[in-house]
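Worksheet for the structure shown next.
The values are calculated or read from the model by the stated rules, or taken from the named source; none is laboratory data. On a predicted model such as this, the values are computed, not experimentally measured, just so you know. Cβ atoms come from the backbone with ideal geometry, glycine included; neighbour counts cover every protein chain shown. SASA here: full protein model, heavy atoms, side chains in, ligands and nucleic acids out. Shrake-Rupley method; radii C 1.70, N 1.55, O 1.52, S 1.80 Å.
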Amino acid sequence: MLKIVIAGRPNTGKSTLFNALTGTRDALVHDRPGVTRDTITGVMRARNATLFDTAGLENARTGIAANSTAMALNEIADADAVLFVVDGRVGLTSADIEWARMVRRKTSAPVLLLVNKSESGRRMADIHEFYKLGFGEPIMISAEHKVGFEQIYEFLDKIAPDNKNNAEKSDTPQKLKIAIMGQPNVGKSTLVNRVLGQTRQIVMDAPGITRDTVKIPANFYGRDIILMDTAGLRRKSGVQDDVETLSALKSLDAIDKADVVILVVDATRNIENQALGIASRVYDAGKILCVALNKWDLVEPEIRDEKLLKLKHQFSNSFHQIIRPMIYAISAETGSGVRNMFRRIYEQWDISNTDAPTSLINRIVEKLVDARQPPMSRLKRPMKIKFARQTGRHPMKITINVGGASDIPESYTRYLRRGLAGELHWEHLPVVIEYKKDDNPFDTK
């Protein structure tokens with residue numbers, strides 16, 4: 001696939017353009033400059049191209065801006081084509097000229113100059129001054145209103161004619177999507193970089209560095225996956241502004257888009273209720289959860305066993321959807337335990353994509369019922385379990401046809417869930433049991 005990089009100084013509308021071209025809302029959009037820090041990737045399915053939204057180019061020597069700019073320039077150097085975005089309302093700036101010169105030094109790939117925010121001619125600066133950037137004819141667009149995109153597509157078609165309308169095949173196997181979540185500064189981006197084997201995400205000691213949910217294709221431990229590095233989540237009282245609020249919403253949205261969620265917690269600190277709240281959201285969404293107890297190398301050896309046991313009890317007692325939570329002690333900094341954690345995640349994902357034989361499910365249910373009879377209903381009618389089968393995955397769902405009792409206590413449902421999960425090796429997976437009441441054939445109402 002073509003690699004198309006969107007570049008330019010901050011606040012020219014690059015992320016708005018990215019969302020419009022990919023048909024998503026993956027990139028965080030805000031009026032404040034410098035909101036994008038990491039590189040966001042997406043697919044332009046109409047042109048079979050991968051689109052990269054980079055951070056705004058800034059002339060900084062140190063700090064987040066310097067790291068973001070360095071990453072953006074690396075993406076530009078590796079691009080098949082560059083969309084260089086400037087602000088049509090502001091007009092040509094010295095920063096535009098400086099970064100246009102840098103882009104020309106970094107890449108020999110074709111560059112399309114896009115003059116964004118051009119929906120109102122009365123507010124436009126002199127379009128001809130942008131010729132000074134050396135990228136040829138400026139193309140007037142409005143990313144917000146999706147105006148002028150035809151010329152973007154024509155530009156891409158000239159680069160790779162065979163890509164025109166060559167959308168991704170629907171039978172292409174879907175890659176396992178793994179979201180990395182947790183509170184700020186627990187080591188999420190360090191874990192992503194460890195898996196990738198390179199510094200792909202900005203890592204600093206200060207919390208709140210990652211703002212977007214960054215999707216990164218990777219191959220780790222023999223499997224193609226998509227890592228989703230999310231912004232740190234903290235209590236509402238700690239949220240400082242609307243940018244952080246938007247980042248948090250995108251992080252929570254990643255739960256629905258992921259197949260597996262790795263909840264990273266800091267082993268050197270106590271587990272906070274917010275971490276349990278994130279876990280609850282994951283289980284309620286029917287997704288596989290793995291708790292990564294990070295910075296384990298910093299925990300004193302004599303208290304490790306007690307700490308790990310306490311944490312497992314804390315998670316086991318907090319959620320009815322799971323029998324045995326996946327919790328692994330790792331060090332994202334050194335790599336210790338990371339491969340083993342991903343190996344177990346892959347095992348559970350493969351299990352979750354299978355269907356248990358109906359005959360086996362019924363034998364298990366029959367054995368469980370024989371060992372512990374269902375309670376009588378409030379009307380003193382016995383519950384009769386007639387037939388059970390698997391009716392869903394993610395979460396694993398068992399539907400049981402019952403007769404007699406109309407109300408089944410949650411305690412008995414937990415008993416059945418635990419027994420079924422144990423026999424089917426679903427202990428690490430969210431399991432849902434639903435009941436379907438058999439109609440009385442003699443009921444003539």
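Does region 297-314 hold any residues that are hydrophobic (A, V, I, L, M, F, W, C) and farther than 11 Å from ILE327 by Cβ, and which are they? Talk me through it step by step, then tell me what you get.
Looking only at region 297-314, we keep the residues that are hydrophobic (A, V, I, L, M, F, W, C), and these are 298-299, 303, 308-309, 311.
Selection gives LEU298, VAL299, ILE303.
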Among the residues of region 305-326, is there at least one that is in contact with a Cys (Cβ under 8 Å, 6 or more places away or on another chain) and touching a residue at least 40 places away in the same chain (Cβ under 8 Å)?
-> yes
Could you give every pair whose Cβ atoms fall below 9 Å, whose first residue belongs to region 130-149 and is without any contact (Cβ under 8 Å) to a residue 24 or more places away in the chain, and whose second residue is assigned to a loop (DSSP other than H, G, I, E, B) and open to solvent by 80 Å² or more (accessible area, probe 1.4 Å), counting only separations of at least 6 or pairs across chains?
-> TYR131/GLU137
From the list SER331, SER352, SER359, which one is of a type in the set (Ser, Thr, Tyr) and open to solvent by 40 Å² or more (accessible area, probe 1.4 Å)?
-> SER359
Considering only residues that are hydroxyl-bearing (Ser, Thr, Tyr) and within 17 Å of the chain's Cα centre (by Cα), look in region 246-269 and name the one that is modelled with the lowest pLDDT.
-> SER247
Any idea which of (1) buried (at least 23 other Cβ atoms within 10 Å of the Cβ); (2) at pLDDT 85 or above; (3) of a type outside the set (Ser, Thr, Tyr) is the one ILE40 doesn't satisfy?
-> (2)
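Please work out if LEU293 is open to solvent by 50 Å² or more (accessible area, probe 1.4 Å), farther than 21 Å from ASP256 by Cα and of a type in the set (A, V, I, L, M).
No, not satisfied.
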Check ALA66 against each of (1) modelled with pLDDT under 85; (2) over 19 Å from ARG105 (Cα atoms); (3) surrounded by fewer than 24 Cβ atoms within 10 Å (Cβ to Cβ) and name the one condition it does not meet.
-> (2)
Looking only at region 218-237, decide whether some residue is surrounded by 14 or more Cβ atoms within 10 Å (Cβ to Cβ), assigned to a loop (DSSP other than H, G, I, E, B), modelled with pLDDT of 85 or more and over 17 Å from the mean Cα position of the chain (by Cα).
-> yes
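In region 178-189, what residues are part of a helix (DSSP H, G or I) and either at pLDDT 90 or above or within 21 Å of TYR283 (Cβ to Cβ) (or both)?
Looking only at region 178-189, we keep the residues that are part of a helix (DSSP H, G or I), and these are 188-189.
Selection gives LYS188 alone.
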Quick one: which residue in LEU311, LEU263 is open to solvent by less than 10 Å² (accessible area, probe 1.4 Å) and more than 22 Å from SER189 (Cα to Cα)?
-> LEU311
Taking region 279-301 and keeping residues more than 21 Å from SER318 (Cβ to Cβ) and among the small types (Gly, Ala, Ser) leaves none
Members of region 400-432 that are assigned to a helix (DSSP H, G or I), of a type outside the set (Asp, Glu) and in contact (Cβ under 8 Å) with a residue 60 or more places away in the chain | ARG414, ARG417, ARG418, ALA421, GLY422, LEU424
Within region 138-177, can you find the residues that are at pLDDT 90 or above, assigned to a loop (DSSP other than H, G, I, E, B) and not aliphatic (A, V, I, L, M)?
-> PRO138
Only one of (1) touching a strand residue (DSSP E or B) at 6+ places or on another chain (Cβ under 9 Å); (2) farther than 22 Å from SER280 by Cα; (3) at pLDDT 95 or above does not apply to LEU360, and that is (1)
